[in-house]
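Shown next, in structure tokens, is the structure this report addresses.
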Amino acid sequence: MSVAKKLASQTAVYGISSILVRVLNYLLVPIYTARFVAAEYGIVTGLYAYVSFLNIVFTYGMETTFFRFANRPDADRRLLYDRVMSQVVVSTVVLTGLLVLLARPLMQLLDLPPGRERYAIWLALILGLDALAAIPFARLRLENQARRFATIRVANILLNVGLNLFFIVLCPDVLAGKYLAGLQPLVTQVYDPSIGVGYVFLSNLAASAFTLLLLGRELLDFRFRLDATPLAAMLRYAYPIMLMGLAGMVNETLDRILLPQWLPKNFYPGQSSLTAVGIYGACYKLSIFMSLVIQAFRYAAEPFFFSQSTEKNSPRTFALVLKWFTLCCAVIFVFISLNIEDFAWAFLRRPEYRQGIAVVPVLLLANLFLGVYWNLSVWFKLTDKTYYGTYIGGAGAVLTIGLNFLLIPVLGYMGSALATLACYFTMAAICWWLGERHFPVPYPVARLLLWLLAAVALVALGWLVQPEAYWLRHGWHLLLSLAFVAALVLVEKPQRLVRG
């Protein structure tokens, strides 16, 4: 089997579980948008934006560090696991404790409605539990235990979805007498209507705790060891990755934090800033289809790239991987963008959420360039020059903040979407330019840019030419999507993927 096919196979194994997890989680979006007004969903969107940053702090690059050190010729993987896990346990206990103690002032600082302090405590516990699970999950990936990895991940999301359905749909409906009225006495014992959107966080907390139980074998297998010398070396490798991750999270989620701060009052008539955040956050979820591919790819690609680093033909392999990754993502971009009306109707149940669907193609393209960047970033990870990732991510973060500052007051959440696209495109371009000087790879850059320009032109044509008749409009969009795929097949001949 060629190395490209091997990576495709590994991506499929991890991807099936990853996609299933994200799809099941995404099925909650219609529930949230049906049960919560946009202002309430805006609270969930905003708090999870902060959680995204804290997730990076809690793991501080130790997953990638674990992969890197485990693939060194003299590595003792058993000892390495003990050391990394011990370090993460200590830091997690400290950070979780601090967040719990500071719950009240943090909620006041975020200017959220009073009585939401318990949300901060639940989120702190979620962060702690997820951090403790990160290295055991990395160990499963390193040891190619894909089935166990997938089983635990799917179990986590099934419990999370089940609890959301129970607390957000079943319990309120039973108390309202819509059905199963005989269960009302039981429901009143376990359900508190005043918690409201808080059940989103409680369900997440229960699922995270359950995940740790399922990882019991890996957790019980480690021995507590804190050795200063090897840990110092690992931290030197890890901290640029953490800074890179924080910068990346600025680019990915800061817009949902900045939007309510910089959006002019009454920019959207009759809507509060939290409502705008809720609409933008819900529409952002529609770009998940691109994120699914990127996440699945990253699970398989990170250990794959490290394992291929010593191979003679590795640059050619990396170029082939980027090419087919980009072309597959281009197909997703075209199909979702042209058929966004159907996706919006299916997942954004309240009409108020559909006001923002114009941002979806922009965010899909932005996420495509993010995936390209993750491909290109292999050069500084393999050369142990991870500080370049910090510089690139930092440049993207500065651009994100600056463009949001300039564009939000003028374009609202479309300004945030355009800032995200500009950021990821710039990061990918800088990463490619630096990589050409430090770790040359024969990427077909000009060819891929032409395909992406063709994809954007096709989407623009589909949006500008809109037949009024529903079936005619959808047939037209489907024809454009199929035309793009046919062109790719004819020109690129996918069977070339098996070569190399």
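Between the alpha-carbon centres of the stretch 173-219 and the stretch 465-491 there is a gap of 44 Å.
Based on the Stokes-Einstein relation at 37 °C and a viscosity of 0.692 mPa s, and on the Kirkwood radius from alpha carbon pairs, the stretch 220-304 is assigned a translational diffusion coefficient of 195 µm²/s. Residue ranking by accessible heavy-atom surface, 1.4 Å probe, largest first, among L132, L488 comes out as L132, L488. Once the convex hull of all Cα atoms in the stretch 294-425 is built, its volume per residue stands at 106 Å³. Ranked by solvent-accessible area (1.4 Å probe, protein heavy atoms only, all chains present), the residues L450, L407 order from largest to smallest as L450, L407.
Here the 3J(HN,Hα) profile of the stretch 343-358, calculated from phi with Karplus coefficients 6.51, -1.76 and 1.60 at θ = phi - 60°, is 5, 5, 5, 6, 10, 9, 6, 8, x, 4, 6, 6, 5, x, 5, 5 Hz, Gly and Pro shown as x. Rounded to two decimal places and with Rh computed the Kirkwood way over Cα pairs, what is Rg over Rh for the stretch 136-183? Rg divided by Rh gives 1.35.
Split the accessible area of the stretch 82-183 by element, probe 1.4 Å, and carbon with sulfur accounts for 66%. Taking one quarter of the surface of the C-alpha convex hull of the stretch 225-384 gives a mean projected area of 12.7 nm². Checking the cross-link pairs K323/K381; K285/K493; K285/K323; K265/K285 against a 30 Å limit on the alpha carbon distance flags K285/K493 as lying beyond it. From the largest down, the stretch 61-182 spans 65, 38, 19 angstrom on the principal axes of its Cα atoms. In terms of overall dimensions, the stretch 367-470 has a Cα radius of gyration and Dmax of 16.7, 57 angstrom. In order along the stretch 459-473, the Karplus-derived 3J(HN,Hα) couplings, from 6.51 cos²θ - 1.76 cosθ + 1.60 at θ = phi - 60°, round to 5, 4, 4, x, 7, 7, 9, 10, x, 6, 5, 4, 5, 5, 5 Hz, and Gly and Pro are given as x.
Figure note: S194, S203 ranked by solvent-accessible area, largest first, 1.4 Å probe, ligands and nucleic acids not counted: S194, S203.
Given points 7 Å out from each Cα along the Cα-Cβ axis, report the L158 to R223 separation in nanometres with one decimal. Placing both labels 7 Å along Cα→Cβ, they lie 3.6 nm apart.
Entry note, the chain: relative contact order of 24 percent, from Cα contacts under 8 Å with a spacing of 6+ residues. Sorted on the mean count of surrounding Cβ atoms within 10 Å across their residues, most packed first, peptides 227-236, 154-163 read 154-163, 227-236.
Solvent-accessible surface (1.4 Å probe) assigned to R437 amounts to roughly 140 Å².
When you count the other C-beta atoms within 10 angstrom of each residue and take the mean per peptide, 367-376, 165-174, 464-473 line up highest first as 367-376, 165-174, 464-473. For the stretch 351-378 versus the stretch 392-418, the inter-centroid distance based on Cα atoms is 14 Å. What the phi angles of the stretch 49-61 give under the Karplus curve with 6.51, -1.76 and 1.60, with θ = phi - 60°, is a coupling list of 5, 5, 4, 4, 5, 5, 4, 5, 5, 5, 9, 5, x Hz, glycine and proline written as x. What the chain shows is 44 Å² of accessible area per residue, with the surface traced by a 1.4 Å probe over protein heavy atoms. Between R104 and S272, the FRET efficiency estimated from the beta carbon spacing at R0 = 30 angstrom works out to 0.80. Remark: the W324-H438 segment gains 38.7 nm on full extension, using 0.36 nm per residue and subtracting the alpha carbon distance. Give the average over all directions of the projected area of the C-alpha convex hull of the chain, one decimal, in nm². Computing the convex hull of the Cα atoms and averaging its projections yields 25.1 nm².
Between L79 and A181, the C-beta separation translates, for a Förster distance of 45 Å, into a calculated FRET efficiency of about 0.15. Using a cut-off of 13 Å between beta-carbons, work out the net charge of the residues near V169 (Lys and Arg +1, Asp and Glu -1, V169 not included). Value of the local net charge: +2. About its Cα centre, the stretch 44-123 has a charge dipole of approximately 80 debye under the convention of +1 per Lys or Arg Cβ and -1 per Asp or Glu Cβ, with nothing else charged.
When the solvent-accessible area of the stretch 202-273 is split by element, carbon and sulfur atoms take up 63 percent of it, the probe being 1.4 Å.
Treating each Cα of the stretch 93-157 as an identical point scatterer and summing with the Debye formula, the log10 of I(q)/I(0) at q = 0.18, 0.27 Å⁻¹ comes to -0.72, -1.06.
Computed over Cα pairs, the Kirkwood radius of the stretch 410-490 leads via Stokes-Einstein (0.692 mPa s, 37 °C) to a diffusion coefficient of 210 µm² per second. Applying 0.36 nm per residue to the separation of A232 and L450 and subtracting their alpha-carbon distance, the gain on full extension is 73.9 nm. Each eigenvalue of the Cα gyration tensor of the stretch 340-388, multiplied by 5 and square-rooted, gives one semi-axis; in descending order these are 37, 9, 8 Å.
The values are calculated or read from the model by the stated rules, or taken from the named source; none is laboratory data. Being a predicted model, the structure only gives us computed values, none of them experimental. As a convention, Cβ positions derive from the backbone with ideal geometry for all residues, glycine included, and neighbour counts pool all protein chains shown. Note: accessible area is taken over every heavy atom of the protein model, side chains too, but ligands, DNA and RNA are not part of it. Shrake-Rupley method; radii C 1.70, N 1.55, O 1.52, S 1.80 Å.
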